[in-house]
Amino acid sequence: MRALVEATLAKLPSKESMAQWPPEAVATVEVLTKLVLILCDELEARDKRIAELEEEVRELKRKLNINSGNSGISPSQDPHRPRGKGGKEKDEDNSDKPRAEDQGENSKPDSEEQPKCKQGGQKGHKGNRQELRKTQDIREIFPERCSCGCEEFVDLRSFYTHQHCELPDILLHVIHFNLYKGRCANCAKEGKAKVPAEYSTGYGPNFTAFVGSASAFLGCTRRSLLDFLTKSDFFRTEEGESVPLSLGGLDRLIDRCSRTLKRHWEKIGEVARETPINYVDETSWPMFGPLGAIKYWLWLMASSLVVFFNIHRHRSREAFHELIGAWVGILISDDYALYRSWPKEKRQSCLAHHLRTAQKLREDPDPDIARGGESLYKEIHRPTQMNPETLTRGVWQGWLMRTRRLLKEFSKRSDGLGILASRLEATFESLSTFLRIRGVDRTNNKAERTLRPAVVRRVSIQS
């Protein structure tokens, strides 16, 4: 703007021409010229500030719009927002119906109203009744007294079976081994008795397995588990005494379980590394020690047969190769940079992650980014509706041309749309591996669902 103003002021008469003007007129022109330039500078500064504030508002709207549908956060972390009927978030046009393209091929038109159902079991739903367990303790209960006062009943028959379950008192079976020593009658050497190998640890396999299960599956801390075993009345000896166990002894029991399970863990790893298709993912995993929590990483390698876990100090290439060993099969993963180094023709990039990123862009407050995000979302979503058995060459070539044109156009940008386009362009061959190889899934959801119990436990421990 300043250049335009200066060009306009240059068209004013020169100082030689204004020499014949009255002094008051020349002074007025000079004052007005300086005032125009000052106002021009102020307008430029305000325009710059307005642009900065508008970008800041757009960035804040992007952060407020983050939810489980357009990012990697869990549904439990979704911000509290006004919701429409059925719990769905309303769009700006006050419509609470999901978009048709998000629902897939079997989606119904928006004009069809969904039937309203009450909460609870619906008509035709098969109930889940408690099954009766077999028992030798059967007690017959007969009516005691009629309302008329008579205590004698005839034509007795069973009409209902009520089952009562209870844990028996758990009494620890304690065995004392009195070891003797003596001198050999032949050579006079001293000989000592030894504890039988199956009793050498001091605690039997059932008790050890219970401690290991409570620590691993129930997520009990060492201290809480020790208090439960030694201070509650649940475990007692036949004499009514508590369990003789210390914190160090509890650690040894858990270590014993770990050593017992190690060979099974190694065998699971061997089976996983022989499977041609595997899902791989990782999540942070806190390890607690004398100095507090130390951040480790829980790595997962899941197939149709087994799930193999490994805990490593780092989220690195070294940890990844320690997980997979010599395996070179089809990798299904998210778009973490480490996985992008896998051969493109042998990797399926999770389409759900890319769709969430595109969904975030299509909800961007910047209309230009939103339009680009809408175009990318449709093209990323289109392969999920393709059937490899009925896919024609024309449909496939058409999708390739449209998608590559969009990626080439958007990859020149420096915003979120350009970042997504550049990432898709770099892993383009890995977007459609599931259409070429039978048995490959289009998403990495299996790995994420398998990791979910570990994530829930991690959150519960940290809270």
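The values are calculated or read from the model by the stated rules, or taken from the named source; none is laboratory data. All of these numbers come straight from a predicted model, not from anything done at the bench. Neighbour counts run over all protein chains shown; Cβ positions are idealised from the backbone, glycine included. The area values use the complete protein model at the heavy-atom level, side chains included, leaving out ligands, DNA and RNA. Shrake-Rupley method; radii C 1.70, N 1.55, O 1.52, S 1.80 Å.
Side notes on the structure shown:
- Taking the stretch 220-243 as the range and being under 16 Å from ASN206 (Cα atoms) and free of Cβ contacts under 8 Å to residues at least 24 places away in the same chain as the test, only LEU229 passes.
- For the residues SER303, SER316, SER341, SER333, the requirement of being of a type in the set (Ser, Thr, Tyr) and closer than 18 Å to SER422 by Cβ singles out SER341.
- Scanning the stretch 306-315 for residues that are of a type outside the set (A, V, I, L, M, F, W, C) and either open to solvent by less than 20 Å² (accessible area, probe 1.4 Å) or over 17 Å from the mean Cα position of the chain (by Cα) (or both) yields ASN310, HIS312, ARG313, HIS314.
- Scope the stretch 2-58; condition at pLDDT below 85 and either on the phi > 0 side of the Ramachandran plot or basic (Lys, Arg) (or both); matching residues: ARG2, LYS11, LYS15, LYS34, ARG58
- Residue in the stretch 313-333 that is touching a Lys or Arg at 6+ places or on another chain (Cβ under 6 Å), closer than 29 Å to ASP78 by Cα and at pLDDT 90 or above present: no
- Contact map, the stretch 401-418: residues that are in contact (Cβ under 8 Å) with a residue 12 or more places away in the chain and open to solvent by 80 Å² or more (accessible area, probe 1.4 Å) paired with residues that are in a helix (DSSP H, G or I) and of a type outside the set (Val, Ile, Thr), Cβ distance under 7 Å, separation 6+ or inter-chain. Pairs shown: ARG402/GLU379.
- Among residues of the stretch 202-227, those that are under 32 Å from the mean Cα position of the chain (by Cα) and open to solvent by 60 Å² or more (accessible area, probe 1.4 Å), counted: 6
- Residue count, the stretch 22-34 (criterion: open to solvent by 60 Å² or more (accessible area, probe 1.4 Å) and within 15 Å of ALA3 (Cα to Cα)): 1
- Among (1) farther than 18 Å from ILE73 by Cβ; (2) touching a residue at least 24 places away in the same chain (Cβ under 8 Å); (3) out of contact with any His (no Cβ under 7 Å at 6 or more places or on another chain) - the single one ASN387 does not satisfy: (2)
- Top-ranked residue of the stretch 50-76 - restricted to ones that are β-branched (Val, Ile, Thr) and part of a loop (DSSP other than H, G, I, E, B), ranked as surrounded by the most Cβ atoms within 10 Å (Cβ to Cβ): ILE66
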